[in-house]
Structures are given as structure tokens and as C-alpha cells.
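J.: Below you will find the structure I want to go over with you.
The values are calculated or read from the model by the stated rules, or taken from the named source; none is laboratory data. Remember, it's a predicted structure, so these values are computed and weren't measured experimentally. Here the Cβ positions follow ideal geometry from the backbone for every residue, glycine too, while neighbour counts run over all protein chains shown. What goes into the accessible areas is simple: the full protein's heavy atoms, side chains included, and nothing from ligands, DNA or RNA. Shrake-Rupley method; radii C 1.70, N 1.55, O 1.52, S 1.80 Å.
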Amino acid sequence: MKRSISGIQPSGVLHLGNYFGAIKQFIDNQDRYEGFYFIADYHSLTSLNNPEALRENSYNIVLDYLALGLDPKKSTIFLQSDVPEHTELAWLLSNVTPIGLLERGHSYKDKIAKGIAPNTGLLTYPILMAADILIYDSDVVPVGKDQKQHLEMARDIALKFNQQYQTELFKLPEPLILDSLAIIPGTDGQKMSKSYGNTINMFASKKELKKQIMSIVTDSTPLEEPKNPDNNIVKLYELFATKEQVEQMKRNFLAGNYGYGHAKNELLEIILEYFKEAREKREMLIQNPEYVNSILREGAIKARKIAQEKITLAKKVVGLLGNSYKYL
């Protein structure tokens with residue numbers, strides 16, 4: 001079975017964009033790929049400097065993964081920081097990575113343009129991401145369109161390492177992208193993102209979820225007049241509804257006497273119904289922290305065993321002796 005790997009930064013609460021853009025792919029492909037899905041807590045340090053928030057966010061992502069249907073019997077779930085070989089391999093890869101490659105990164109340039117102070121971690125983020133992927137001999141990486149360049153950089157780094165040391169140690173992974181669901185609109189019409197403050201969170205309380213949905217930006221067309229059915233409410237509704245339900249909502253907009261508030265309430269109800277079982281399961285998981293922690297322990301043990309084998313080979317290739325001096 002081919003291997004899939006992906007990680008999500010614990011930079012905040014997960015939302016519909018995370019679910020449809022990534023997590024749903026993880027779940028849908030559990031019988032197709034051997035999945036390794038980690039919480040990218042090392043990566044989050046490039047922008048998150050609140051230790052308590054980091055710990056809380058990391059744990060909440062594990063709860064979300066399990067509640068949404070990621071099966072620990074089929075997929076390995078772990079914390080990036082529980083496998084220190086990621087950072088060890090990142091150092092080996094950094095010595096074959098041109099600085100120019102990193103400076104051309106879209107994510108790096110975008111953050112600098114937004115006024116984020118550049119630090120070394122922000123610049124070298126793609127190297128650690130490459131290590132995350134390459135250390136598990138990953139075949140595919142589920143990524144959104146905005147992360148595709150980072151995967152291409154990982155392939156470039158792997159190729160450079162292989163060429164420099166005349167080896168075939170690292171596989172060149174392929175992206176796994178669902179174009180139709182790659183970009184989920186937020187409440188303001190931009191890509192849904194925590195950094196934009198435009199998210200809809202599937203595990204928010206009903207009151208908070210309603211508040212988020214009611215904040216979806218619309219125009220000021222009066223209730224009685226027809227409205228453009230190609231709006232953000234419909235685009236989000238399409239993620240959950242049947243084709244017939246979507247067509248009915250569009251007809252309602254075109255007919256008039258159907259307000260945006262009506263559509264938002266329909267969206268709220270269908271989201272609550274879609275995630276009903278997951279929301280209930282998450283509440284149960286909150287009451288059983290030992291089970292959740294056991295999943296992380298077992299995931300770390302399995303992931304680290306593979307990572308240790310790979311880093312040992314990588315160290316041998318570059319000429320490091322390791323602890324046993326068995327290569328003398």
C-alpha cells in the first residue's frame with residue numbers, strides 16, 4: 001500500500017476549510033493509502049509564541065481528527081515534536097538546499113509582504129516540511145493549491161540530495177489535490193483562513209456557529225427582490241447539500257421573497273446535521289483523555305521507528321558515524 005503523509009499546524013481552531021481542503025481527504029483515503037497524519041507543532045513556532053495556546057491547539061486537533069473519522073487502526077496520528085528525527089533530517093537537507101530556492105517561496109514572500117518579521121524558521125520552513133515528507137518515504141502528499149509549491153520544493157531538495165550523494169535514498173512524492181475542493185470560501189468571500197478571521201468552525205457551539213454563519217458577507221438587495229444565486233452562502237451550502245437542494249436554494253434566490261437570512265439558517269441546519277455524529281463523538285473523547293493520549297503515544301512509537309531507520313541511512317550516506325561507529 002502506498003503511503004500518504006500530511007500535517008496541520010496547531011495555529012488555531014480547525015474550520016471548514018481545513019476539513020474539506022485536507023482532513024476529508026485523509027479520511028476518504030484511509031483504505032487506499034497508509035496514512036501518517038501529524039500535528040505540525042514545530043512548524044507553528046514560526047508564528048505562534050504562546051506555549052499554552054500551542055499545547056491546547058495541538059490537543060484539540062487530535063480530538064478533531066478522531067471525532068471526524070480518522071481511524072488510528074488505519075492511520076498513524078502523532079505530534080511532530082515527538083519524532084525529533086524530523087529536525088535532524090532537516091539539518092542534513094539544509095546543507096544541500098540553495099538559499100535562493102527558499103527566498104522564492106510564495107508563502108515566505110507573502111508573509112513578508114504582510115509585515116511579518118522574517119525569522120530563520122519562516123525562511124527554512126520548506127526544509128523542515130521536506131524532512132517531514134521524505135523521512136517516511138511518502139508516495140503522495142494531500143495538499144491544497146497554496147501548499148503545492150512547498151511539495152515541489154521538497155521534491156527539488158530530495159533530488160538535490162540524491163544527486164549530490166549519488167544515491168536513491170529519497171523518493172520524489174506526488175501531490176494529491178482535489179481541485180474542486182482546494183479552496184473553501186470564508187465568510188468574507190476570500191479563502192477561509194484563521195489569519196483572515198473569516199472561518200466557520202464545525203465544532204463551535206451552536207450559538208457561536210450561528211454567529212459565524214450570520215456574518216457571511218452579502219449585498220443589500222431587499223428581501224422581496226431576486227438575488228444572484230452565485231453567492232458565498234450557496235458556495236458553502238454546496239459542500240453539504242444534494243444537487244436538488246442546491247438547485248432549490250438557487251431558485252429561491254431568483255424568485256425573490258427569500259432573504260439571505262433564510263439561506264443562512266438553512267446553511268446552519270445542514271452543517272449541524274452533517275457534523276452531528278462528529279460533534280457527539282468529540283464530546284465523548286473530551287471525557288476520555290487517556291485514550292486520546294494513548295493514540296498519540298502509539299502513533300509516535302510507530303512513526304519514530306520508521307524515522308529512525310531513515311535517518312540512520314541518511315547519516316551513513318553523508319558520512320556521519322552515528323553512535324555505534326559501525327561504519328568505520
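J.: Number of Lys pairs in segment 239-288 with C-alpha atoms less than 25 angstrom apart, excluding same-chain neighbours closer than eight positions?
T.: On the way: LYS243/LYS264; LYS243/LYS276; LYS250/LYS264; LYS264/LYS276.
For segment 239-288, the number of qualifying lysine pairs is 4.
J.: Take LYS305 and LYS276, extend 7 Å from each Cα along the Cα→Cβ direction, and tell me the distance between the two endpoints in nm.
T.: If labels sit at LYS305 and LYS276, their model points lie 4.0 nm apart.
J.: Here is a follow-up. Between rounded, prolate and oblate, where does segment 237-288 land on the alpha carbon gyration tensor, with a ≥ b ≥ c its root eigenvalues, rounded for a/c under 1.5, else prolate if a/b exceeds b/c? Don't jump to the answer; show the numbers that get you there.
T.: On the way: a/c = 6.22, a/b = 2.71, b/c = 2.30.
Prolate.
J.: Taking Rh as the Kirkwood radius computed over C-alpha pairs, what is the Stokes-Einstein D of segment 56-99 at 20 °C in a medium of viscosity 1.002 mPa s, expressed in µm² per second?
T.: Numbers: Rh = 12.7 Å.
Value of D from the Cα-based Kirkwood radius: 168 µm²/s.
J.: Mind checking the full-extension length gain between ARG32 and ASN257? Use 0.36 nm per residue of separation minus the Cα-Cα distance, one decimal, nm. Before the final figure, lay out the partial values.
T.: Values: separation 225, 0.36 × 225 = 81.00 nm, distance 4.70 nm.
Fully extending the segment from ARG32 to ASN257 adds 76.3 nm.
J.: Run the numbers on segment 115-235 and let me know its relative contact order in percent, using alpha-carbon pairs under 8 Å that are six or more apart.
T.: The value is 19 percent.
J.: How large is ³J(HN,Hα), in whole Hz, for each residue of segment 113-118 in order, when computed from phi with the Karplus curve 6.51 cos²θ - 1.76 cosθ + 1.60 and θ = phi - 60°, using x for Gly and Pro?
T.: Values, residue by residue: 5, 7, x, 6, 5, x Hz.
J.: Leaving out ligands, DNA and RNA, what percent of the accessible area of the chain is carbon and sulfur, probe 1.4 Å? Can you show the working numbers first?
T.: Numbers: 8320 of 16460 Å².
Here it works out to 51 percent.
J.: THR120 to MET214: extension gain in nm, 0.36 nm per residue of separation minus the Cα-Cα distance?
T.: Working: separation 94, 0.36 × 94 = 33.84 nm, distance 3.99 nm.
Residue separation times 0.36 nm, minus the Cα-Cα distance, leaves 29.8 nm.
J.: While we're on this one: Can you give me the P(r) profile for segment 27-72? Cα pairs, bins 10 angstrom wide beginning at 0, each as a whole percent.
T.: Bins of 10 Å from zero give 24, 44, 26, 6 percent of pairs.
J.: Continuing with the same structure: Using helices alone, what [θ] at 222 nm do you get for the chain, with -39,500 (n - 2.57) per DSSP H run of 4 or more residues, divided over all residues and rounded to the nearest 500? Present the calculation step by step, with values, prior to reporting the outcome.
T.: On the way: 14 runs with 166 residues, N = 328.
Mean residue ellipticity, 222 nm, calculated: -15500 deg cm²/dmol.
J.: Rounded, prolate or oblate: which fits segment 105-239, taking a ≥ b ≥ c as square roots of the Cα gyration tensor eigenvalues, rounded meaning a/c under 1.5, else prolate when a/b beats b/c?
T.: Working: a/c = 2.96, a/b = 2.30, b/c = 1.29.
Prolate is the answer for segment 105-239, as a/c is 1.5 or above and a/b outweighs b/c.
J.: Compute the length gained on full extension between LEU313 and LYS235: take 0.36 nm times their separation in residues and subtract their Cα-Cα distance, giving the result in nm to one decimal.
T.: On the way: separation 78, 0.36 × 78 = 28.08 nm, distance 4.80 nm.
Difference between extended and current length: 23.3 nm.
J.: Would you please classify the overall shape of segment 234-328 from the alpha carbon gyration tensor, given that a ≥ b ≥ c denote the square roots of the eigenvalues, rounded means a/c under 1.5, and beyond that prolate means a/b larger than b/c while oblate covers the rest? It would help to have the intermediate numbers written out before the result.
T.: Details: a/c = 6.50, a/b = 2.63, b/c = 2.47.
Prolate, because a/c is 1.5 or more and a/b exceeds b/c.
J.: Go through ILE135, ILE27, GLY69 and say which Cα lies farthest out towards the positive end of the charge dipole of the chain; charges sit on Cβ, +1 for Lys and Arg, -1 for Asp and Glu.
T.: ILE135
J.: Per the Kirkwood treatment, what hydrodynamic radius in Å, one decimal, follows for the chain from the mean inverse distance over all distinct Cα pairs? Mind showing how you got there, number by number?
T.: On the way: mean 1/r = 0.0465 Å⁻¹.
Averaging 1/r across every pair of different Cα atoms and inverting gives 21.5 Å.
J.: Going through segment 98-131, which trypsin sites (Lys or Arg not before Pro) have at most 15 other Cβ atoms within 10 Å and a DSSP loop state?
T.: Working: sites: ARG104, LYS109, LYS111, LYS114; in loops: ARG104, LYS114.
Passing sites in segment 98-131 are ARG104, LYS114.
J.: Okay, moving on. Provide, in order from the shortest bin, the percent of all Cα-Cα pairs of segment 1-116 in each 5 Å bin, continuing until the bin that contains the maximum pair distance.
T.: Percent of pairs per bin, in order: 2, 10, 17, 19, 20, 17, 11, 4, 0.
J.: Further question on the same structure: Rounded to the nearest 20 Debye, what is the dipole magnitude of segment 1-91 about its Cα centre when Lys and Arg each give +1 and Asp and Glu each give -1 at the C-beta? Display every interim value, and only then the final one.
T.: Values: 7 positive and 11 negative charges, 67 e Å.
With only Lys, Arg, Asp and Glu charged at Cβ, the dipole is about 320 debye.
J.: Additional query: Residue farthest toward the positive end of the dipole of the chain, with Cβ of Lys/Arg at +1 and Asp/Glu at -1: which of ASN232, ASN288, SER107?
T.: Value: SER107.
J.: By how many degrees, 0 to 90 and rounded to 10, does the Cα axis of helix 51-68 deviate from the longest principal axis of the chain?
T.: Relative to the chain, helix 51-68 is tipped by roughly 70 degrees.
J.: Given R₀ = 30 Å, what would the calculated FRET efficiency be for LEU172 paired with GLU298, taking r from the Cβ atoms and rounding to 0.05?
T.: Details: r = 30 Å, r/R0 = 0.98.
With a Förster radius of 30 Å, E is 0.50.
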